[in-house]
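**Student:** Below you'll find the structure I mean.
The values are calculated or read from the model by the stated rules, or taken from the named source; none is laboratory data. Here the structure is a predicted model, which is why all the values come from computation and not from measurement. All Cβ positions, even for glycine, are placed from backbone atoms using ideal geometry, and neighbour counts span all protein chains on display. The accessibility values were calculated without ligands, DNA or RNA, using every heavy atom of the protein model including side chains. Shrake-Rupley method; radii C 1.70, N 1.55, O 1.52, S 1.80 Å.
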Amino acid sequence: MTEAYIRTDISDLPDARGYFGEFGGRFVPETIMPALDELEAAYAAAIDDPEFHAELRHLQRTYTGRPTPVSHARRLSETLGGAQIYLKREDLAHTGAHKINNALGQGLLAKRMGKRRIIAETGAGQHGVGTATAMALLGLECHVYMGTVDIKRQQPNVFRMRLLGAQVIPVESGSRTLKDAINEAMRDWVTNVRNTFYLLGSALGPHPYPMMVRDFQSIIGIEARQQIQQLAGQLPDVCVACVGGGSNAIGMFHAFRHDEGTELIGVEAGGHGIASQQHAARFADLAISRPGILHGTRSYVMQDADGQIMETHSVSAGLDYPSVGPEHAHLRQLERAYYTLATDDEALEAFQMLSKLEGIIPALESAHAVAEAIKRAPTMPRDSVLLVNLSGRGDKDLDTVIGILGG
Amino acid sequence: MTRKLQGRAALDAMFARAQAENRAAFLPYFPVGYPTHDESLTAIAAMAAAGADGFEIGIPFSDPIADGPTIQAATQVALETGSTVRTCLDAVRALRGRGINQPMLLMGYANPLVAYGTDRFVRDAYAAGADGLIVPDLPPEEAHYFAESCAREGLALVFMLAPTSNDTRIDLVAEKSSGFIYVVSLTGITGARADLPADLHDFIARLRARTDMPLVLGFGISSPEHAAQVSQLTDGFIVGSALVRAGGEGVEAVQELAASMVAAIQA
C-alpha cells in the first residue's frame, strides 16, 4: 500500500483563510476563534510529523482493519446489465462505517494537544460510535450530543456509545436532529474551550475542520484508487458516494480529483421528493437552498426567505442535515463533481437489492449511493467501471427498515 | 424630535454622557417579537423611559449558537410569532417614531442578514434609524461581508473580545471594531448567572492596556448588584437574559428590573 495515509501535499485548497473558492471560512463567536487558530497550528505540525503519520497508520492497520477491500458486485452488475459495479467496503472498517477514520485522526491530534475532554455531535450515531470507540482506545473522556429524534431512531448506536464509556447527552432544542446536536456541541465548546477538543464528525464547520476531516477520510480514496486499478485494470469511469455533510464523499473524491476521466457523483437525500420540500437535497432544490452561513461555514443552506434554517427530512439520520460541506459546494461550482439525489423509497429499494444480490446490508446512507448506481449502471457499457463508496453497514438501520417494510 | 446624531457619533455621545456622570452606559438587549411584536416594542419603550442609555435590538435566528436557554426560547417564540429581519427593521423605525432617541444596535446572527442582502440590510438599518450592528458569528476575519457598507452608511460595526482572546486578537479587534468593543465577560454562552467572573478585573485591565476603545461588557450581568460593580469598571454593559426572562412575566417586570439597574449605576 501507499505510504501516504493522509494528505501530504499542501498545495490544495482551502486557502489560508479556509476558503474553497467562495465557500468555507470561519464564522464563529470570538470565544472559540483562538481555539481554531490553535487547532489549525497543531494540525499543521501533526501532518508535518512522521511520527503522527506512523501512529495513525499503525492504528489504521491494527485497529480499524485497513485497508478495507474493494468488492466486485457481480450479481448486482449482471442484474442491471451495464457497468461493472465495485464497492469500497468502509462497512468493514471497525465500528462499521468510515467515521472511525476521522475519529482516530482527530483523537490522536487531541491527545497531542493535551486535551483530555472530547465532545462530539452525532446524527445517525455512527460518528458518535466512532468517537466513543476511539476515545475508549485512547483513554480520553467522551461526551456525545445527539438529538432526541435521532436517539429514538438509532437506539442500538446509543447503547453502543454508552457501552463504550461515552456520555450521550440528549438535545431537545429545535428539530432535535443533527443540526441541533451541532448547536449544543458548539455551545459546550464555547463554554469549555480551554480544556475541550471538539471532534467534529463531517467535512463542515469552521476552518480547519472541512480540510482536516477531508484529510483524515482521504485514506478511502487513496486505497480505492489503487485497489480498483488492480482489480478492474482501470480507473473508475464513475465514482459515487452519498453526501450528508459529505465526509465519506470528499474522502473518496479527493484522490480522484485530478483524474479527469473519472466522473464524481454525490448523492443527496431526496426524502419524500423535491416537491414535498421534505428532503435534504441542498443542491437540488434551489428554491429553498442557497449559499448561506451555518455552523461556522459558508455553503449551501436550506433556509426560508428570511434566512431561518429549515428542517430537513431523510429516512437516513446521517444525511439529514440542512447544509453541506463547503468543498462540495466548490466542486459543484467548478463542475468537477455532480450532485443528484435518491428518495427514501429508492434508498430502501437499493437497501434490499444489495442485501439480496450481494449479501451486504448497507447503511441507509450508503443505500442512497447504491440507488444512484442502480439508476446509472444500465446506461453505461458493460466494460465500464462504477465505484460506489459503501460508507457503512446497515445493522443500525434494521429497526427503521422493519418499521417501514414490516417484519 | 429628530435625532441630531446617528451611528458612531451617537454612540460616542452616549459614552461621553455616561462618563460625565461617572458611570457606565446601560444597554439592554431585547429580541423583537418576544412575546409578541407589539409587546417587545412596549418593553423596549418602557426601558427607554426607565433610563436605559441604548439598546441592542435582537434579530431572532433559528440556530443561535452563542445563546443560552433563555434567549434560545425567547427567540424561538419570536420566530413563531412572525419575527423576521424586516419586522426588526420596522421595530427600530417604530421606536424612533415614538420619540425614542437612545442609540440602537441591531444584533443578529449572520445568515438572516446575508439572506436579506448585506448591503441592503445595512442601508435599510441606517434608514430605519439604527446606529450599529453586532453579529456574534462574524469575527473580524470575515468582516468584509459588512465592513464596507457599514463604513459607507456610518453604521458602527462592533466586534467582540472574549477571555480567550490573545494579544494578537485584541489588537485585531481593536483595529476593526467601530463604536465600541463588545467584551464577552466569560467563556460561555449568554444567560443569567449568580456571580460575575472572578477574573473580570484582570481581563478588563488586559484589554485597557492595549486599546482606548470603549469597552461594553456582556454575558451574565443579571442584577443591580452586578450593574453597580461593572459600572466602575467598563464604559458600558449589556443585560440580556435577565431582562428577557422578565419579559416573559410582563412589561412591568422588565421596566422594574431596568429601573433598578439604572438606580444601581447612578447611586
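**Student:** Given segment A:93-135, what whole percent of its Cα pairs are spread farther than 17 Å?
**Tutor:** Roughly 23 percent, rounded to a whole number.
**Student:** Treating chain B as a set of equal point scatterers at the Cα positions, no solvent, please give the Debye-formula log₁₀ I(q)/I(0) at q = 0.13, 0.15, 0.17 Å⁻¹.
**Tutor:** -0.76, -1.06, -1.45
**Student:** Give me the percent of the accessible area of the protein assembly as shown that comes from carbon and sulfur atoms, probe 1.4 Å, all protein chains in place.
**Tutor:** Answer for the protein assembly as shown: carbon and sulfur cover 50 percent of the accessible area.
**Student:** What list of ³J(HN,Hα) values in whole Hz, one per residue of segment B:215-220 in order, does the Karplus curve 6.51 cos²θ - 1.76 cosθ + 1.60 (θ = phi - 60°) give from phi, with Gly and Pro shown as x?
**Tutor:** Values, residue by residue: 10, 10, 8, x, 6, x Hz.
**Student:** What whole-number value in Å² describes the accessible area per residue of segment B:20-80 for a 1.4 Å probe?
**Tutor:** 27 Å²
**Student:** Kindly provide the pair-distance distribution of segment B:107-212 built from C-alpha pairs, with 10 Å bins from 0 and whole-percent values in order of increasing distance.
**Tutor:** For segment B:107-212, the binned pair fractions read 14, 43, 30, 13, 0 percent.
**Student:** For segment B:96-111, state which residues have at least 10 Å² less accessible area in the presence of all protein chains than in their chain by itself, taking the probe as 1.4 Å and leaving out ligands, DNA and RNA.
**Tutor:** B:110, B:111
**Student:** Need the list of aspartates and glutamates near residue A:111 for cross-linking: C-alpha distance under 13 angstrom, and skip anything on the same chain fewer than eight residues off.
**Tutor:** Of all the aspartates and glutamates, those that pass the test against residue A:111 - Cα under 13 Å, at least 8 places apart if same chain - are A:55, A:141.
**Student:** So how compact is segment B:26-169: Cα radius of gyration and Dmax in angstrom?
**Tutor:** Cα-based Rg and Dmax for segment B:26-169 come out at 14.6, 43 Å.
**Student:** May I ask you to derive the FRET efficiency for residue A:16 and residue A:78 from their Cβ-Cβ distance with R0 = 45 Å, giving the value to the nearest 0.05?
**Tutor:** Here the calculated transfer efficiency is 0.35.
**Student:** Over segment B:95-159, with the other protein chains present, what is the accessible area per residue in square angstrom, probe 1.4 angstrom?
**Tutor:** Computed with neighbouring chains in place, this is 29 Å² per residue.
**Student:** Just the accessible area per residue of segment A:282-407, please: how many Å² with a 1.4 Å probe?
**Tutor:** 34 Å²
**Student:** May I have the pair-distance distribution P(r) for segment A:41-91, computed from all Cα-Cα distances with 5 Å bins from 0 and rounded to whole percent?
**Tutor:** Spelled out per bin, shortest first, that is 5, 17, 14, 13, 12, 11, 9, 8, 7, 4, 0.
**Student:** Give me the one-decimal Kirkwood hydrodynamic radius in Å for segment A:1-132, with the sum taken over alpha-carbon pairs.
**Tutor:** Result for segment A:1-132, one decimal place: 17.5 Å.
**Student:** Okay, moving on. Share of Cα-Cα pairs in segment A:159-216 beyond 13 Å, in percent?
**Tutor:** Result: 68 percent of Cα pairs exceed 13 Å.
**Student:** Let me ask something else about it. Would you calculate, for the protein assembly as shown, the mean residue ellipticity at 222 nm contributed by helices, counting each DSSP H stretch of 4 or more residues as -39,500 (n - 2.57) and dividing by all residues, to the nearest 500?
**Tutor:** So the helix-based figure for the protein assembly as shown works out to -13000 deg cm²/dmol.
**Student:** Taking just the alpha carbons, could you work out the radius of gyration and Dmax for segment A:158-290, both in angstroms?
**Tutor:** According to the Cα coordinates of segment A:158-290, Rg and Dmax are 18.1, 53 Å.
**Student:** How long are the semi-axes of the equivalent ellipsoid of the protein assembly as shown, taking √(5λ) for every eigenvalue λ of the Cα gyration tensor, in whole Å from largest down?
**Tutor:** Working from the Cα gyration tensor, I get semi-axes of 48, 25, 22 Å.
**Student:** Something else: Which value, in square angstrom to the nearest 100, describes the accessible area buried between chains A and B on both sides, using a 1.4 angstrom probe?
**Tutor:** Buried area between the two chains comes out at roughly 2900 Å².
**Student:** In Å³ and rounded to a whole number, note down the convex hull volume per residue for the Cα atoms of segment A:272-407.
**Tutor:** Cα-based convex hull of segment A:272-407, divided per residue, equals 130 Å³.
**Student:** Also, quick follow-up: Suppose every Lys and Arg Cβ carries +1 and every Asp and Glu Cβ carries -1, with no other charges. What dipole size does segment B:4-105 come out with about its Cα centre, to the nearest 20 debye?
**Tutor:** In debye, rounded to 20, segment B:4-105 gives about 480.
**Student:** What residues have an amide H closer than 5 Å to that of residue A:86, excluding those fewer than 5 places away on the same chain, when H is modeled at 1.01 Å from N in the peptide plane?
**Tutor:** A:73, A:386, A:387, A:388
**Student:** Output the pairs from A:99/A:396; A:99/A:152; A:356/A:396; A:88/A:115; A:115/A:152; A:88/A:375 with a Cα-Cα distance over 25 Å in this structure; if there are none, say none.
**Tutor:** The pairs that break the limit, which is 25 Å between Cα atoms, are A:88/A:115; A:115/A:152.
**Student:** Can you spot the aspartates and glutamates whose alpha carbon is less than 14 Å from residue B:4's alpha carbon? Ignore those fewer than 8 places along the same chain.
**Tutor:** Leaving aside aspartates and glutamates fewer than 8 places away in the same chain, those within reach of residue B:4 are B:12, B:131.
**Student:** Sorting check: for B:8-21, A:193-206, which peptide has the highest mean count of neighbouring beta carbons within 10 Å, and how do the rest follow?
**Tutor:** A:193-206, B:8-21
**Student:** Loop only per DSSP, at most 12 neighbouring Cβ atoms within 10 Å: give me the GluC sites (Glu not before Pro) in segment A:101-191, ordered by residue number.
**Tutor:** For GluC sites (Glu not before Pro) across segment A:101-191 that sit outside H, G, I, E and B with at most 12 neighbouring Cβ atoms in 10 Å, the list reads A:172.
**Student:** Enumerate the calculated ³J(HN,Hα) couplings along segment A:193-198 in order (Karplus 6.51 cos²θ - 1.76 cosθ + 1.60, θ = phi - 60°), each rounded to whole Hz, writing x wherever the residue is Gly or Pro.
**Tutor:** Whole-Hz 3J(HN,Hα) from phi for segment A:193-198: 4, 5, 10, 10, 10, 8.
**Student:** In addition: Work out the length of the dipole vector of segment B:125-185 about its Cα centre, built from +1 on the beta-carbon of each Lys and Arg and -1 on the beta-carbon of each Asp and Glu, and round it to the nearest 20 debye.
**Tutor:** 100 debye
**Student:** Segment B:46-65: which residues show an accessible-area loss of 20 Å² or more, assembly versus chain alone, 1.4 Å probe?
**Tutor:** Residues shielded by partner chains are B:61, B:62, B:63, B:65.
**Student:** How shielded is B:181-193 by partner chains, expressed as the average number of their Cβ atoms within 10 Å of its Cβ atoms?
**Tutor:** For this peptide, the per-residue mean of nearby foreign Cβ atoms is 3.
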